[in-house]
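The values are calculated or read from the model by the stated rules, or taken from the named source; none is laboratory data. From a predicted model like this one, the values you see are computed outputs, not experimental measurements. Cβ coordinates were reconstructed from backbone atoms using ideal geometry, including for glycine residues, and neighbour counts include every protein chain displayed. Ligands, DNA and RNA are excluded from the accessible area calculation, which covers all protein heavy atoms including side chains. Shrake-Rupley method; radii C 1.70, N 1.55, O 1.52, S 1.80 Å.
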Amino acid sequence: MVRKNAQGKFVEVLEQRGKKAPNLHEVTVKAVCAACNNGWMSDLEGKVRPIVKQLASRQNSVLGREDKACLAAWAHKCFLMYDLYQDSRDRAFIDEDYTSFKRTQKPPVSARLYLGITDSRFAAISLWHQPRLFIPAGSVADPQTVLGTSNMSSSSFAVQGVYFIQQFFRPNINWNALQRRAIGLSSQAAVESTPARPIWPLDNKPIRLPPKMTSASEFGSARLALHSALATLPVAVERVKSLE
């Protein structure tokens, strides 16, 4: 892997990644003040708990705008907290992301979140969080500056068959309009071709529960949608050009 040495240069090193990670429900971070942890964050947990239980039990119901807002905020909070558990050199979020979430108690406008239910064996309880660095073709970037940073990430969190997928884009990515639209449309279409339902950005469309079951293969495709979009970006850009 690539790490920064004592001289501040990025070099390739062999590094043991440490001990086996604990069970997900045992992961804790000590970066949240007591006032937040016992205040608005606890209130958010209380609002979300009955909604997730309802989703997990496959009851007939409807998710309204406020329900979707709570679920999106809670899922984004889970990804923010897990990011703190990772090595500081492998994180997707920066201090501004945490202060912004504390201030608004909402995901950023540059994020997309989806909800679904699945019978995948990975959905009993799991969390997958992968930062990525996108450098547009033709742009000039100093490797010593960009290595060890990220400007987008893919994340998924599942509990009792209920899953959440997040695609996060840092607002200051240096991409052109075609690249932005191609990645956005391609990654969005890949998720929305599955039974996953969008919950952020908010809209006024209710979601009828239970949603259609997402197969294990569809769940895998949905959570990897952003990576697939990046891998096929040139093709996606040409497709967008043909539509204009």
Residue by residue through the range 67-110, note down the ones that are open to solvent by 10 Å² or more (accessible area, probe 1.4 Å), part of a helix (DSSP H, G or I) and of a type in the set (G, A, S).
A69, S88, S100
For the range 164-181, does any single residue satisfy the condition of being under 29 Å from Q59 (Cα atoms), under 14 Å from the mean Cα position of the chain (by Cα) and open to solvent by 30 Å² or more (accessible area, probe 1.4 Å)?
no
Qualifying positions in the range 45-66 - part of a helix (DSSP H, G or I) and of a type outside the set (A, V, I, L, M, F, W, C):
E45, G46, K47, R49, P50, K53, Q54, R65, E66
Which one of D97, D142 is more than 22 Å from D67 (Cβ to Cβ) and modelled with pLDDT of 90 or more?
D97
Exactly one of P198, P211 is assigned to a loop (DSSP other than H, G, I, E, B) and at pLDDT 80 or above, and that one is P211
Check whether at least one residue in the range 61-71 is within 13 Å of the chain's Cα centre (by Cα), on the phi < 0 side of the Ramachandran plot and of a type in the set (K, R), and report yes or no.
no
Which condition number does Q188 fail, the rest of (1) open to solvent by less than 10 Å² (accessible area, probe 1.4 Å); (2) at pLDDT below 95; (3) under 21 Å from A73 (Cβ atoms) being met?
(1)
Quick one: in the range 145-162, which of the residues that are outside any strand (DSSP E or B) and at pLDDT 90 or above is least open to solvent (accessible area, probe 1.4 Å)?
G161
